[in-house]
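I have placed the structure first, in the form of structure tokens, so that the comments after it can refer back to it.
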Amino acid sequence: MSSSFKTFLKHTAKDFHNQSVNPPVVRASTIIFKSMQHIRKTQAKAQKNPIGGHFDYGRQGTSTTYILQKILTKLEESYHVFTTPTGFGAVFLAIFSVTRPGDEIIAADPVYSPTRLLTENFLKEFNIKTTFYNPHDLKTLERAISKKTKLIFVENPGSNTFDFQDLGKIISIAKKNKILTAIDNTWGTPYYLKPIKLGFDMSIVSATKYYSGHSDVMGGSLAVNKKVFNQVKNAERITGLRLGPDDAYLITRGLRTLDVRLDRHRENAKKVAEYLSKNKKFKLLYPYKKDSHNFRMWKKYYSGASGLMGLKIKSKNINSVRKFVNSLKLFGYGYSWGGFESLALHQEFRETGARKYLKLEKDEHLVRFHIGLEDPKDLIADIKQALRHLK
């Protein structure tokens, strides 16, 4: 990029033909041509340059989806970015592209629970075995490697427990053993971490979250290096996993303010984290404690922190934990995150999944906060008033 990240987001993809700041929404199933020769010429261009935006059918995309892919490719500093209808669609596409019956996957224990269901249960029926490693003990990863290991799947930080891993060491282990790597980078986005540049083969972001920023669209992105491009392209063509133009437009529009929003999410989260860290009833799951492993691993690889965090709450009365969450007035209750609004969830088994290395002590409970764009003083006051229910 010739300009900074922030400037690029504001000036890219202007449409001077239509005299609009944002590109138009182009919807198409049939893409029309002037002649059969024109179709064949376009198809030849697509063969020669498969990332050049040469389409002969609407399932492959339109100019609207292509513009989003170009923007994200620059942000990720990757060879190409594929876009999918949901964030989980990008997870599926990454894994489906490079694994086959008889292969083995090694995944981080605290992956998103649907990712765990896909790898541990669904793929098992196709003779693809998954082993989970301890994010704080990479020897468990090394011991799991076999001649059949095809992919190491990382989620950083870990879902709900926010475990930060030594990403460089994971990449080193993978390259030494000639194993492909993928990372779910939704928490950090390429604004705070660029996994392809770091050495990962594939990088996933749920565009539903911070890319959109307004809780009104779903989508996913899968950034790849040149090594795996053809495998992913073939899998995308077979599965038809392609983002629609209307969602692509909304995500492109949201990206214009990604830096501004993430900077504010970071500032607000830091202030809330400082307040929460002083309360002895909580163990804060967020990179704030400078002498901790999580902080060191975050600082080593990330340029900033987003607004999603967790709490471990010690209480003999689970109902009081529920009352604490339910009495919050400025936090909504619902899944997803990354929008402008703050959210809270009491995490139960359905959210954490059947983890091997999750060590919750007796009477210990997980709560997840997404810190939005409200005034942090108001959010802190809201948490403070809700604490009266916690026993």
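Details
- Among residues other than VAL217 with Cβ under 9 Å from its Cβ, the summed charge is -3 (Lys and Arg +1, Asp and Glu -1).
- Listed residue pairs exceeding 28 Å between alpha carbons, taken from LYS10/LYS169; LYS270/LYS391; LYS10/LYS283; LYS124/LYS312; LYS14/LYS45; LYS178/LYS300: LYS10/LYS169; LYS10/LYS283; LYS124/LYS312
- Between the range 37-65 and the range 79-131, the alpha-carbon centres lie 28 Å apart.
- Taking every DSSP bridge with both residues inside the chain, close to 60 percent are antiparallel.
- Working from label points 7 Å from Cα in the Cα-to-Cβ sense, the ILE32 to GLN19 distance is 2.5 nm.
- When LYS270, LYS194 are compared by accessible surface with a 1.4 Å probe, the order from highest to lowest is LYS270, LYS194.
- Additional length obtainable on full extension of the chain from LYS139 to LYS391, 0.36 nm per residue less Cα span: 86.8 nm
- Using alpha-carbon coordinates, inclination of helix 63-76 to the longest axis of the chain, degrees: 50
- Against the criterion of solvent-accessible heavy-atom surface with a 1.4 angstrom probe, ASP109, ASP137 sort, most first, into ASP137, ASP109.
- Pair ILE51, ASP363: separation of 7 Å Cα→Cβ label points (nm): 5.6
- For the residues LYS150, LYS74, a 1.4 Å probe over the protein chains yields an accessible-area ranking, largest first, of LYS74, LYS150.
- Positive minus negative residues near GLN60 (Lys, Arg vs Asp, Glu; Cβ under 10 Å): +1
The values are calculated or read from the model by the stated rules, or taken from the named source; none is laboratory data. All of these numbers come straight from a predicted model, not from anything done at the bench. Reconstructed Cβ throughout: ideal geometry from the backbone, glycine too, with neighbour counts over all protein chains shown. Heads up: the accessible areas ignore ligands, DNA and RNA and are worked out on the full protein's heavy atoms, side chains in. Shrake-Rupley method; radii C 1.70, N 1.55, O 1.52, S 1.80 Å.
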